[in-house]
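The values are calculated or read from the model by the stated rules, or taken from the named source; none is laboratory data. Everything numeric in this text was worked out from a predicted model, so none of it was measured. Note that we place each Cβ from the backbone using ideal geometry, even for glycine, and neighbour counts take in every protein chain shown. The accessibility values were calculated without ligands, DNA or RNA, using every heavy atom of the protein model including side chains. Shrake-Rupley method; radii C 1.70, N 1.55, O 1.52, S 1.80 Å.
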Amino acid sequence: MSDSPLPSPARLVVGVSGSPGSLTALVRAADEARRCGAELWPVLAWEPPGGDLAARRSPSAAVLVPEWERMARERLLAALSDVFGGMGSGLPGQALVARGTPGRALVHIADRERDVIVVGTGRQSRLHRAFWPSVSRYCLAHAGCSVLAVPPYPLQASLEAAHRRNVLRLRLDTGRLEREFDSVPPGA
């Protein structure tokens, strides 16, 4: 093993969907890009409803593709605004909207050896894994570069539980939420 430091990544390609997990990954990728002097490439991957095969079979899909792409671009801009405000990240790089499944799009874009793919790990329930393939698992299995899988924000599970209770019109245990909030380390 050599004592020379590893080269810094050329680009941090981060998957962004607007979900809380992807926003956490975007924050982490921006921090890493600042620390290493790398470029930040936020990527939002999209597919037509029903997938590309269904879109090819439908004559109306050709008319709707520009609208779907516009909506994807708006989602990406909204996610960037949520994380960085209206100021931008202040980092070199570019934001991309890619057509395709998220895992394939990220692996295809991060095609350089020194690139790093940054993805949120998202939900871990069996039901979710059964119906939605894991982007982080796909990237780990197929990427030719390093992959950084960012765990969910510590309060994400509590926020989702509170949302479920709200939807079901159940009473919210604010004392439990306060205890969980107090247990999160400062700066997390």
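Annotations
- Listed by first and then second residue, the pairs with beta-carbon distance under 7 Å, at least 6 apart or on different chains, first residue in region 64-92 and hydroxyl-bearing (Ser, Thr, Tyr), second open to solvent by less than 80 Å² (accessible area, probe 1.4 Å) and outside any helix (DSSP H, G or I), are 89/40.
- When residue 168 is tested against the conditions (1) more than 28 Å from residue 50 (Cα to Cα); (2) surrounded by fewer than 17 Cβ atoms within 10 Å (Cβ to Cβ); (3) modelled with pLDDT of 90 or more; (4) aliphatic (A, V, I, L, M), the lone failure is (3).
- In the condition set (1) touching an Asp or Glu at 6+ places or on another chain (Cβ under 9 Å); (2) without any contact (Cβ under 8 Å) to a residue 40 or more places away in the chain, residue 36 is compliant with all but (1).
- Summed over region 87-121, the residues that are assigned to a helix (DSSP H, G or I) and either among the hydroxyl-bearing types (Ser, Thr, Tyr) or surrounded by 18 or more Cβ atoms within 10 Å (Cβ to Cβ) (or both) give a count of 6.
- Reported count of residues in region 24-41, each being more than 16 Å from residue 94 (Cβ to Cβ) and open to solvent by less than 40 Å² (accessible area, probe 1.4 Å), is 4.
- Selection count, region 138-151, where residues are touching a Lys or Arg at 6+ places or on another chain (Cβ under 9 Å), open to solvent by 30 Å² or more (accessible area, probe 1.4 Å) and either over 15 Å from residue 24 (Cα atoms) or outside any strand (DSSP E or B) (or both): 4
- The one condition in (1) over 19 Å from residue 121 (Cα atoms); (2) open to solvent by less than 30 Å² (accessible area, probe 1.4 Å); (3) modelled with pLDDT of 70 or more that residue 55 fails to fulfil: (3)
- Filtered by the rule that a residue be more than 27 Å from residue 138 (Cα to Cα) and open to solvent by 40 Å² or more (accessible area, probe 1.4 Å), region 59-83 gives 59, 60, 62, 63, 64, 66, 67, 81.
- Here residue 50 meets each of (1) open to solvent by 50 Å² or more (accessible area, probe 1.4 Å); (2) at pLDDT below 90; (3) at negative phi with one exception, condition (3).
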